[in-house]
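K.L.:
Here you go, one structure.
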(Lines give C-alpha, C1' and ligand atoms only; values in the text may rest on other atoms or scores of the structure.)
Protein backbone atom coordinates (compact mmCIF):
# COMPACT_ATOMS: atom_id res chain seq x y z
CA UNK A 1 0.00 0.00 0.00
CA UNK A 2 2.84 2.38 0.88
CA UNK A 3 4.56 1.65 -2.45
CA UNK A 4 1.33 2.35 -4.32
CA UNK A 5 0.82 5.63 -2.45
CA UNK A 6 4.35 6.80 -3.27
CA UNK A 7 3.87 5.85 -6.93
CA UNK A 8 0.66 7.89 -7.12
CA UNK A 9 2.35 10.80 -5.36
CA UNK A 10 5.11 10.96 -7.94
CA UNK A 11 2.53 10.90 -10.73
CA UNK A 12 0.96 14.16 -9.53
CA UNK A 13 1.94 17.40 -11.32
CA UNK A 14 4.86 19.15 -9.70
CA UNK A 15 3.85 22.64 -8.61
CA UNK A 16 6.54 25.01 -7.40
CA UNK A 17 5.95 28.40 -5.79
CA UNK A 18 8.39 30.85 -7.33
CA UNK A 19 7.08 34.11 -5.90
CA UNK A 20 6.94 36.04 -2.65
CA UNK A 21 3.38 37.31 -2.76
CA UNK A 22 0.24 37.36 -4.90
CA UNK A 23 -1.84 40.55 -5.00
CA UNK A 24 -4.97 40.97 -7.14
CA UNK A 25 -4.02 38.08 -9.39
CA UNK A 26 -0.44 39.23 -10.04
CA UNK A 27 2.62 37.47 -8.62
CA UNK A 28 5.58 39.44 -7.26
CA UNK A 29 9.06 39.04 -5.85
CA UNK A 30 9.87 41.78 -3.36
CA UNK A 31 13.12 43.60 -2.71
CA UNK A 32 12.70 44.90 0.81
CA UNK A 33 15.90 46.93 0.72
CA UNK A 34 14.99 49.00 -2.35
CA UNK A 35 11.23 48.64 -1.82
CA UNK A 36 10.75 47.52 -5.41
CA UNK A 37 8.60 44.69 -6.77
CA UNK A 38 9.22 42.45 -9.77
CA UNK A 39 6.30 40.84 -11.60
CA UNK A 40 7.08 37.16 -11.85
CA UNK A 41 5.58 33.80 -12.71
CA UNK A 42 3.11 32.04 -10.45
CA UNK A 43 2.75 28.34 -9.76
CA UNK A 44 4.78 26.46 -12.36
CA UNK A 45 3.91 22.97 -13.52
CA UNK A 46 7.31 21.61 -14.47
CA UNK A 47 5.87 18.41 -15.94
CA UNK A 48 3.87 20.23 -18.61
CA UNK A 49 6.01 23.38 -18.61
CA UNK A 50 2.78 25.38 -18.87
CA UNK A 51 2.49 28.73 -17.12
CA UNK A 52 -1.21 29.53 -17.19
CA UNK A 53 -1.17 31.88 -14.22
CA UNK A 54 -2.17 34.92 -16.28
CA UNK A 55 -5.15 35.20 -18.59
CA UNK A 56 -7.15 37.91 -20.34
CA UNK A 57 -6.28 41.57 -19.86
CA UNK A 58 -3.59 42.10 -17.21
CA UNK A 59 -2.93 45.62 -15.94
CA UNK A 60 0.23 45.89 -13.86
CA UNK A 61 -0.05 48.60 -11.17
CA UNK A 62 2.58 51.21 -10.35
CA UNK A 63 2.68 50.18 -6.69
CA UNK A 64 1.79 47.17 -4.58
CA UNK A 65 1.23 47.29 -0.80
CA UNK A 66 2.29 44.33 1.32
CA UNK A 67 2.15 44.26 5.13
CA UNK A 68 1.85 48.02 5.24
CA UNK A 69 4.88 48.59 2.99
CA UNK A 70 4.50 50.14 -0.47
CA UNK A 71 6.70 48.71 -3.23
CA UNK A 72 7.34 50.32 -6.64
CA UNK A 73 6.70 47.88 -9.49
CA UNK A 74 9.67 48.39 -11.84
CA UNK A 75 10.42 45.11 -13.61
CA UNK A 76 8.89 42.11 -15.35
CA UNK A 77 10.95 39.03 -14.52
CA UNK A 78 12.40 36.66 -17.08
CA UNK A 79 9.87 34.03 -18.25
CA UNK A 80 7.15 35.73 -16.15
CA UNK A 81 4.37 35.32 -18.75
CA UNK A 82 5.98 32.60 -20.84
CA UNK A 83 3.55 30.76 -23.13
CA UNK A 84 0.45 32.32 -21.59
CA UNK A 85 -1.52 31.97 -24.79
CA UNK A 86 -4.72 33.19 -23.13
CA UNK A 87 -3.13 36.54 -22.24
CA UNK A 88 -4.88 38.98 -24.56
CA UNK A 89 -3.58 42.36 -23.37
CA UNK A 90 -0.90 43.76 -21.08
CA UNK A 91 -0.72 47.25 -19.61
CA UNK A 92 2.57 48.41 -18.14
CA UNK A 93 2.80 51.07 -15.43
CA UNK A 94 4.82 54.28 -15.81
CA UNK A 95 7.19 52.95 -13.13
CA UNK A 96 8.34 50.00 -15.25
CA UNK A 97 12.05 50.10 -16.19
CA UNK A 98 12.96 46.62 -17.41
CA UNK A 99 11.23 43.83 -19.32
CA UNK A 100 13.18 40.65 -18.72
CA UNK A 101 14.42 37.89 -21.00
CA UNK A 102 11.64 35.81 -22.59
CA UNK A 103 9.10 37.58 -20.35
CA UNK A 104 6.31 37.27 -22.95
CA UNK A 105 7.79 34.54 -25.14
CA UNK A 106 5.03 32.79 -27.16
CA UNK A 107 2.19 34.89 -25.75
CA UNK A 108 0.32 34.44 -29.01
CA UNK A 109 -2.89 36.06 -27.74
CA UNK A 110 -1.33 39.54 -27.50
CA UNK A 111 -2.47 41.85 -30.30
CA UNK A 112 -0.53 45.00 -29.48
CA UNK A 113 2.22 46.09 -27.12
CA UNK A 114 2.73 49.62 -25.85
CA UNK A 115 6.06 50.12 -24.08
CA UNK A 116 5.77 53.09 -21.69
CA UNK A 117 8.30 55.92 -21.63
CA UNK A 118 9.70 54.72 -18.30
CA UNK A 119 11.09 51.47 -19.74
CA UNK A 120 14.83 51.63 -20.41
CA UNK A 121 15.70 48.07 -21.41
CA UNK A 122 13.95 45.23 -23.25
CA UNK A 123 15.86 41.97 -22.86
CA UNK A 124 16.48 39.17 -25.35
CA UNK A 125 13.44 37.23 -26.57
CA UNK A 126 11.13 39.41 -24.43
CA UNK A 127 8.31 39.22 -27.00
CA UNK A 128 9.76 36.53 -29.24
CA UNK A 129 7.29 34.40 -31.20
CA UNK A 130 4.24 36.46 -30.23
CA UNK A 131 2.47 35.47 -33.41
CA UNK A 132 -0.70 37.47 -32.70
CA UNK A 133 1.07 40.83 -32.41
CA UNK A 134 0.24 43.37 -35.12
CA UNK A 135 1.37 46.66 -33.54
CA UNK A 136 4.28 47.74 -31.33
CA UNK A 137 4.84 51.14 -29.72
CA UNK A 138 8.31 51.98 -28.38
CA UNK A 139 8.45 54.44 -25.47
CA UNK A 140 10.78 57.42 -25.43
CA UNK A 141 12.90 56.10 -22.55
CA UNK A 142 14.02 52.89 -24.27
CA UNK A 143 17.82 52.95 -24.48
CA UNK A 144 18.47 49.39 -25.54
CA UNK A 145 16.53 46.58 -27.19
CA UNK A 146 18.40 43.28 -27.05
CA UNK A 147 18.64 41.00 -30.11
CA UNK A 148 15.61 38.86 -30.95
CA UNK A 149 13.35 40.75 -28.54
CA UNK A 150 10.62 40.75 -31.20
CA UNK A 151 11.91 37.83 -33.24
CA UNK A 152 9.36 35.76 -35.18
CA UNK A 153 6.60 38.30 -34.57
CA UNK A 154 5.67 37.79 -38.18
CA UNK A 155 2.37 39.66 -38.15
CA UNK A 156 3.62 42.99 -36.82
CA UNK A 157 3.09 45.52 -39.60
CA UNK A 158 2.95 48.74 -37.57
CA UNK A 159 5.76 50.26 -35.51
CA UNK A 160 5.30 53.49 -33.58
CA UNK A 161 8.01 55.48 -31.84
CA UNK A 162 6.40 57.49 -29.07
CA UNK A 163 6.68 61.27 -29.03
CA UNK A 164 9.86 62.11 -27.14
CA UNK A 165 11.96 59.33 -28.66
CA UNK A 166 15.31 60.67 -29.85
CA UNK A 167 16.49 57.56 -31.66
CA UNK A 168 14.76 55.08 -33.95
CA UNK A 169 16.31 51.90 -32.56
CA UNK A 170 16.48 48.47 -34.16
CA UNK A 171 13.59 46.33 -32.90
CA UNK A 172 14.41 43.30 -35.00
CA UNK A 173 11.01 43.44 -36.69
CA UNK A 174 11.15 42.59 -40.40
CA UNK A 175 7.51 42.59 -41.53
CA UNK A 176 6.73 46.29 -41.18
CA UNK A 177 4.54 48.10 -43.67
CA UNK A 178 4.08 51.24 -41.55
CA UNK A 179 6.50 53.17 -39.35
CA UNK A 180 5.72 56.33 -37.38
CA UNK A 181 8.72 58.51 -36.55
CA UNK A 182 8.00 61.60 -34.40
CA UNK A 183 9.72 64.97 -34.78
CA UNK A 184 11.68 64.34 -31.59
CA UNK A 185 13.86 61.69 -33.30
CA UNK A 186 17.31 62.95 -34.29
CA UNK A 187 18.98 59.65 -35.13
CA UNK A 188 18.04 56.48 -36.98
CA UNK A 189 20.20 53.71 -35.54
CA UNK A 190 22.34 51.16 -37.36
CA UNK A 191 20.22 48.47 -39.05
CA UNK A 192 17.06 50.09 -37.68
CA UNK A 193 14.85 48.85 -40.51
CA UNK A 194 17.12 46.17 -41.92
CA UNK A 195 15.43 43.51 -44.06
CA UNK A 196 11.94 45.03 -43.94
CA UNK A 197 10.94 43.83 -47.39
CA UNK A 198 7.31 44.94 -46.97
CA UNK A 199 8.11 48.56 -46.10
CA UNK A 200 7.13 50.55 -49.19
CA UNK A 201 7.50 54.11 -47.91
CA UNK A 202 8.68 56.04 -44.87
CA UNK A 203 8.66 59.70 -43.89
CA UNK A 204 11.78 60.92 -42.10
CA UNK A 205 11.21 64.13 -40.12
CA UNK A 206 13.51 67.13 -40.54
CA UNK A 207 14.72 66.63 -36.98
CA UNK A 208 16.78 63.60 -38.08
CA UNK A 209 20.45 64.52 -38.53
CA UNK A 210 21.98 61.05 -38.60
CA UNK A 211 21.11 57.77 -40.36
CA UNK A 212 23.14 54.75 -39.23
CA UNK A 213 24.89 52.06 -41.21
CA UNK A 214 22.59 49.57 -42.97
CA UNK A 215 19.54 51.44 -41.59
CA UNK A 216 17.52 50.53 -44.69
CA UNK A 217 19.61 47.65 -46.04
CA UNK A 218 17.79 44.91 -47.95
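K.L.:
Please count how many residues of segment 188-210 are touching a residue at least 12 places away in the same chain (Cβ under 8 Å) and farther than 20 Å from residue 150 by Cβ. Give the steps one after another, and end with the answer.
P.N.:
Initial filter on segment 188-210 (touching a residue at least 12 places away in the same chain (Cβ under 8 Å)): 188-200, 202-210.
The next check asks that each one be farther than 20 Å from residue 150 by Cβ; those that pass are 200, 203-210.
Count: 9.
K.L.:
Assess whether residue 206 counts as being under 29 Å from residue 41 (Cα atoms) and loosely packed, with under 15 Cβ neighbours inside 10 Å.
P.N.:
On the way: under 29 Å from residue 41 (Cα atoms): no; loosely packed, with under 15 Cβ neighbours inside 10 Å: yes.
In short, no.
K.L.:
Follow-up question, since we're still on this one. Kindly indicate whether any position in segment 81-88 is at pLDDT 95 or above and either surrounded by 18 or more Cβ atoms within 10 Å (Cβ to Cβ) or at positive phi (or both).
P.N.:
Scanning segment 81-88, I find no residue that is at pLDDT 95 or above and either surrounded by 18 or more Cβ atoms within 10 Å (Cβ to Cβ) or at positive phi (or both), so the answer is no.
K.L.:
Can you pull out every residue in segment 114-130 that is closer than 12 Å to residue 145 by Cβ and either in contact with a strand residue (DSSP E or B) (Cβ under 9 Å, 6 or more places away or on another chain) or surrounded by fewer than 19 Cβ atoms within 10 Å (Cβ to Cβ) (or both)?
P.N.:
115, 119, 120, 121, 122, 123, 124, 126, 127 - these are the residues of segment 114-130 that are closer than 12 Å to residue 145 by Cβ and either in contact with a strand residue (DSSP E or B) (Cβ under 9 Å, 6 or more places away or on another chain) or surrounded by fewer than 19 Cβ atoms within 10 Å (Cβ to Cβ) (or both).
K.L.:
How many residues are within 20 Å of residue 124 (Cα to Cα) and out of contact with any strand residue (DSSP E or B) (no Cβ under 7 Å at 6 or more places or on another chain) when one looks only at segment 71-98?
P.N.:
6
The values are calculated or read from the model by the stated rules, or taken from the named source; none is laboratory data. The structure displayed is predicted, hence computed values, not measured ones. Positions of Cβ are backbone-derived with ideal geometry, glycine not excepted, and every protein chain shown enters the neighbour counts.
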